[in-house]
Amino acid sequence: MRCPYCGSLDTQVKDSRPTDDSSSIRRRRICPDCGGRFTTFERVQLRELTVVKRSGRRVPFDRDKLQQSVEVALRKRPVDPERVERMINGIVRQLESMGDGEVPSETVGELVMEGLKALDDVAYVRFASVYKNFREAKDFEELLGKLAEEPEDTPRLKKKPAQSE
């Protein structure tokens, strides 16, 4: 593993342990050349995935990009990070088990929307507004109308009761 500080290829693992959900291994490393310390994560990858964009362009699937887009949608929302990690792991597993190494970007977007809908309504609307390229207020109204029509037994983040003065 290359040192992010000096670029040396000779780094040493000082500690390895599984993450809380055992989906990856966390490794603490040190560079003998510069003394820099850093952490890496190792995850199982069942297959190489390629995302087929709407333009037809093909790009390698990037789990970090998926995680960043979910984190942007969830910014300042009270959602447990472990639930987010489980959702992202679930999406990646679904994509890897689809049989084909090429996945349309629409499939990725729909899986993220489905996962966010179960986690947090606000994050779901935020992601949908970008993913579906909302241009007008009525686009939000339509999505919120559909969200309001859903049965209440759908697992969602519980709303905090209003504080009285």
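Throughout, read-outs are computed from the coordinates displayed, never taken from laboratory work. It should be emphasised that the depicted structure is a prediction, and the values quoted were computed from it without experimental measurement. Cβ coordinates were reconstructed from backbone atoms using ideal geometry, including for glycine residues, and neighbour counts include every protein chain displayed.
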For the chain, with the dipole built from +1 on Lys and Arg beta-carbon atoms and -1 on Asp and Glu ones, taken about the Cα centre, which of 87, 3, 144 lies farthest toward the positive end?
3
In the range 61-93, whose amide N lies under 17 Å from the spot 7 Å out along Cα-to-Cβ of residue 24? List them in ranges.
61-72, 81-93
So, over other residues within a Cβ distance under 12 Å of residue 12, counting Lys, Arg +1 and Asp, Glu -1, the net charge is +2
For helix 63-73, what angle does its Cα long axis make with the longest principal axis of the chain, in degrees from 0 to 90 and rounded to 10?
40
Taking 0.36 nm per residue of separation between residue 148 and residue 37 and subtracting their Cα-Cα distance, the length gained on full extension comes to 35.1 nm
Please give me, ordered by residue number, the GluC sites (Glu not before Pro) of the range 46-129 that lie in loop per DSSP and have at most 12 other Cβ atoms within 10 Å.
48
Length-normalised contact order of the chain, Cα under 8 Å, at least 6 apart, in percent, tallies to 15
Quick check: residue separation of residue 83 and residue 132 times 0.36 nm, minus the Cα distance between them. What number comes out in nm?
15.2 nm
Top of 18, 81, 60 by mean-square fluctuation, Gaussian network on the chain, Cα under 10 Å
18
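Using DSSP, restrict attention to beta bridges with both residues in the chain and report what percent are antiparallel, rounded to the nearest 5. Working shown, then result.
On the way: 16 of 19 bridges.
About 85 percent, rounded to the nearest 5.
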Options (1) 17.9; (2) 18.7; (3) 16.4 for Kirkwood radius over Cα pairs in Å; the value derived from the coordinates is listed as (2)
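Taking the Cα centre of the chain as origin and charging only Cβ (+1 Lys, Arg; -1 Asp, Glu), how large is the dipole, in debye to the nearest 20?
Numbers: 32 positive and 30 negative charges, 139 e Å.
It works out to roughly 660 debye.
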